[in-house]
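Notes follow once the structure below has been shown.
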Amino acid sequence: MKFGINTYLFSSPFTNESISFFPKFKEWGFDFVEIAVEDPANIDPVLIKKALDNNGLECRSVCAATGPGRDLRGNRKEQVVALEYIKQLIDIAPVLGSSLVAGPIYSAVGRADLVPESEKTQQWITVVKNLQTLCADAEKANIKLAIEPLNRYETDLINTCEQALNLIKDVGSDALRIHLDAFHMNIEEKDPALAILKAGSKLALLHASGSDRGTPGGDQINWERIFVALDKIDYAGDIVIESFTPDVKIIAKAASIWRKVEPSKESIAVDGLKFLRSLNL
């Protein structure tokens with residue numbers, strides 16, 4: 001397994017200037033950077049790739065940011081905007097050296113409503129259709145898409161691994177995989193380790209975040225069982241530290257980070273990486 005860091009911890013939005021963090025990421029011992037591309041217009045992927053190479057780093061996954069207005073189950077305009085945005089990420093990923101676009105691409109984050117089953121069914125059908133279109137593009141570009149279940153406060157559509165598997169089955173493309181997040185699993189799964197076993201070969205990415213969105217290992221999550229489950233499925237994918245602090249105000253509001261949960265951004269990165277590597281023996 002390789003260990004990466006999501007850029008949300010240090011910058012939002014990620015821009016060409018954000019490459020200034022790369023030397024520190026390398027110094028701290030990360031293998032790669034997961035770049036959250038909130039606005040493709042903010043970056044020159046060729047420049048970013050050169051900076052990664054210069055620092056001995058990779059971009060192994062591109063993180064999608066599906067905020068309001070980017071919604072594969074929204075109105076027609078929102079669907080078109082979301083399709084175009086995710087298609088841009090599919091095009092950008094190979095330039096950055098990545099073969100994975102991950103995140104809650106099926107819906108706008110924050111959309112959580114209790115609706116009649118008939119309406120939910122129609123939303124599901126709409127998402128399946130749109131994901132089939134995106135998967136066709138991803139297959140041509142040799143890119144995988146990984147859908148991330150979120151907790152109940154951030155979405156009403158995909159909260160669990162089982163729901164994600166059902167969506168993948170209905171889409172019917174090998175380009176579609178699962179992206180699990182320890183924070184969300186801690187809220188929604190009966191047993192996060194069993195969810196990993198259920199994902200099996202479909203698991204393409206694991207986000208490591210503490211139960212309070214802080215440092216992995218300094219929280220109540222049973223990380224040992226998670227790593228045993230990863231070993232049982234012969235997981236050869238990546239683990240990314242994704243955490244947030246009030247310092248990056250845009251993402252702090254989106255993730256409801258109202259207080260300082262750790263001493264610093266650096267401590268989350270350094271201590272979290274040390275802990276995760278200690279389990280990967």
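The values are calculated or read from the model by the stated rules, or taken from the named source; none is laboratory data. Please read all numbers here as calculations on a predicted model, not as lab measurements. Note that each Cβ is placed from the backbone with ideal geometry, even for glycine, and that neighbours are counted across all protein chains shown.
Quick notes on this structure:
- Just one of the numbered conditions (1) out of contact with any Asp or Glu (no Cβ under 8 Å at 6 or more places or on another chain); (2) surrounded by fewer than 23 Cβ atoms within 10 Å (Cβ to Cβ) is not true of Tyr106: (2).
- All conditions in (1) under 30 Å from Arg259 (Cβ atoms); (2) touching a residue at least 24 places away in the same chain (Cβ under 8 Å) hold for Asn130, with the sole exception of (1).
- Elements of type strands (runs of 3 or more DSSP E) contained in the range 1-97, each with 3 or more residues being among the polar types (S, T, N, Q), closer than 30 Å to Val128 by Cα and touching a residue at least 24 places away in the same chain (Cβ under 8 Å): none
- So Ala193, is it part of a strand (DSSP E or B), touching a Lys or Arg at 6+ places or on another chain (Cβ under 8 Å) and either at pLDDT 95 or above or closer than 20 Å to Thr160 by Cβ (or both): no
- Screening the range 227-266 for residues that are at pLDDT 95 or above, of a type in the set (A, V, I, L, M, F, W, C) and farther than 21 Å from Ser61 by Cα and picking the one that is surrounded by the most Cβ atoms within 10 Å (Cβ to Cβ) gives Ala229.
- Tally of residues being small (Gly, Ala, Ser) and either part of a helix (DSSP H, G or I) or closer than 10 Å to Ile86 by Cβ (or both) across the range 123-145: 2
- Selection count where residues are under 22 Å from the mean Cα position of the chain (by Cα) and over 10 Å from Ile19 (Cα atoms), scope the range 47-62: 6
- Failed item in (1) out of contact with any helix residue (DSSP H, G or I) (no Cβ under 7 Å at 6 or more places or on another chain); (2) not in a strand (DSSP E or B), with Val240 passing the rest: (2)
- Selection from the range 63-104 of residues that are under 21 Å from Ser11 (Cβ atoms), in contact with a Leu (Cβ under 8 Å, 6 or more places away or on another chain) and of a type in the set (Gly, Ala, Ser): Ala64, Ala93, Gly97, Ala102
- Candidate set from the range 148-207 (those that are within 16 Å of the chain's Cα centre (by Cα) and hydroxyl-bearing (Ser, Thr, Tyr)); member that is surrounded by the fewest Cβ atoms within 10 Å (Cβ to Cβ): Thr160
- Some residue of the range 230-244 being touching a Cys at 6+ places or on another chain (Cβ under 7 Å), in contact (Cβ under 8 Å) with a residue 40 or more places away in the chain and more than 27 Å from Phe14 (Cβ to Cβ): no
- Condition broken by Leu96, with the remaining ones in (1) under 17 Å from Glu148 (Cβ atoms); (2) buried (at least 21 other Cβ atoms within 10 Å of the Cβ) satisfied: (1)
- Among the criteria (1) outside any helix (DSSP H, G or I); (2) touching a helix residue (DSSP H, G or I) at 6+ places or on another chain (Cβ under 7 Å); (3) under 23 Å from Val33 (Cβ atoms), the one Ile158 does not fulfil is (3).
- Unmet requirement for Ser201, which otherwise passes all of (1) at pLDDT 95 or above; (2) more than 26 Å from Tyr85 (Cα to Cα); (3) of a type in the set (Ser, Thr, Tyr); (4) not in a helix (DSSP H, G or I): (4)
- Any hit, the range 156-174, residues being free of Cβ contacts under 8 Å to residues at least 12 places away in the same chain and farther than 30 Å from Thr215 by Cβ: yes
- For Phe14, the requirement of being surrounded by fewer than 23 Cβ atoms within 10 Å (Cβ to Cβ) and among the aromatic types (Phe, Trp, Tyr) is not met.
- Ser107 vs. criteria farther than 11 Å from Thr155 by Cβ and hydroxyl-bearing (Ser, Thr, Tyr): no
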